[in-house]
Structure formats: structure tokens, C-alpha cells
Amino acid sequence: MVILFGLAGSGKSTQGQILAKKYGMVWLSVGQVLRDTGKFDKILEKGELVDDKVVVDIMNEKIQEIRAGGKDVILDGFPRDIAQAKMISDDLADSIKKVAILDVPKDELLIRIMARGREDDTREAVERRFEVVEKNLKGIVRELEKKGVKVKRVSGVGSVEAVTKRLERELFRGRIPARRIQRQRTLRHAKRV
């Protein structure tokens, strides 16, 4: 299991989806998992947060379900705060192979976010969200490191492809992409036939 962290606009969701597809993994975002349940729409629409224990239980269940199906997971921004990091079971912590934080200067993040043109993306609101996430991230990293998980910082500046290559070097060194594995199986099967 791999975890990607980063401030809003850092590209962690884009990168998580690219890497999940390339390495035959499943990308999981807390927001997406909660929306998929259909139980928390009213809370999410108000911009409120779902209770930490509920989030951890739902994510643990989803992760176990995916792993039981023989796949591994890339988590997008989970755990999202110190309470969730403390609630992660030792079993789950043991299965976290790598954690990366995408580093992008705040000035660049502001430009990226303002370009989206969302009403709630005022400079003041975005800067407040940055503060909250950064504070949480420090505590999360401390908790994960206590559980023996190594955390790497990776530059999120540059083209999508350049950032993907950097993440691959840090997170997947020595692993063969899923498509190449499939091609090798196909070639071996063709030789046998």
C-alpha cells in the first residue's frame, strides 16, 4: 500500500490515478469512498467532515475488500488528520510500503487553484485550508513514523510526466508496471502454444 499526501492543487489525485493504473493498483480517495456510500451526501454538501472513527472504519473495510481481491491500494490523502492516523490499525500500518508528500510552493498552488475558478476558492479560504492541512500533516507524519513507516518528500513541480517519474523512483523502484507484466505473460503463453 502507498499513501500520497499534498496540499490542494499539488496533483496527488492525478498522480495517484496514473500510478494506480500503471501498477495495477486501486486508487482510493476518502472523499470518493464516502460519496460512493451515498450515506454522507448532506454532510459533504455542507463542507463538513464525517466523524474520524466512521471514516477509518469505512476506509479499513474498503482496503480489506480490495486486498482480499488480490490488488494493492494507493491512498489519496488518508489518513487526513492525527486522530485518523492514531486509529489506523497496526495491521494496516504494517502494510504501508511507502508514503510520499508532494511538495509544491504555495505561490504555485494558489495559481493552480485560482485557475479552477470555484467560488469557495478565495485566496483567504485556500490559505486557511493550507494551514489546517500542513498542521495535520506534521502530526500524521509523526504518527506514521512512530509505526515505522518511512515518509519521503517529492517535488510536485513540473509536468505531470516529470512528477510521475519522480514518484515512480521513490515509490516503485524495482517494480514492473502492470502492462509490462501482462505483456510478458502473453508472450510466455504464446511461446507455449
Checklist entry - Checking A162 against (1) of a type outside the set (S, T, N, Q); (2) under 14 Å from S10 (Cα atoms); (3) modelled with pLDDT under 95, which single condition isn't satisfied? => result (3)
Checklist entry - If you check every pair at least six apart or on different chains, which have Cβ atoms under 7 Å apart with a residue in region 157-184 that is aliphatic (A, V, I, L, M) first and a residue that is part of a helix (DSSP H, G or I) and at pLDDT 75 or above second? => result V157/E108; V160/T14; V163/Q15; L167/Q15; L167/L19; A178/K22
Checklist outcome for this item: Picking from V132, V163, the residue that is hydrophobic (A, V, I, L, M, F, W, C), part of a helix (DSSP H, G or I) and surrounded by fewer than 19 Cβ atoms within 10 Å (Cβ to Cβ) would be V132
Item to check | Options K86, K146, K165, K150; residue that is closer than 20 Å to V30 by Cα and of a type in the set (K, R) | outcome: K86
Item to check | Output for region 53-79, where each listed residue is hydrophobic (A, V, I, L, M, F, W, C) and more than 22 Å from V132 (Cβ to Cβ) | outcome: I63, I66, A68, V73, I74
Next on the checklist: Given (1) in contact (Cβ under 8 Å) with a residue 40 or more places away in the chain; (2) over 14 Å from the mean Cα position of the chain (by Cα), identify the lone condition not met by G38.
Outcome noted: (1)
Checklist outcome for this item: When (1) under 15 Å from the mean Cα position of the chain (by Cα); (2) without any contact (Cβ under 8 Å) to a residue 60 or more places away in the chain; (3) assigned to a helix (DSSP H, G or I); (4) surrounded by 14 or more Cβ atoms within 10 Å (Cβ to Cβ) are applied to Q32, the one that fails is (4)
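Hey, among I63, I58, which residue is touching a strand residue (DSSP E or B) at 6+ places or on another chain (Cβ under 6 Å) and assigned to a helix (DSSP H, G or I)?
After ruling out the rest, the residue left standing is I63.
Mind checking whether some residue in region 50-57 is at pLDDT 90 or above and crowded, with 21+ Cβ neighbours inside 10 Å?
Yes, region 50-57 contains a residue that is at pLDDT 90 or above and crowded, with 21+ Cβ neighbours inside 10 Å.
The values are calculated or read from the model by the stated rules, or taken from the named source; none is laboratory data. Just so it is clear, the model here is predicted, and its values are computed rather than measured. For neighbour counting, all protein chains shown are included, and Cβ atoms are generated from backbone atoms with ideal geometry for every residue, glycine included.
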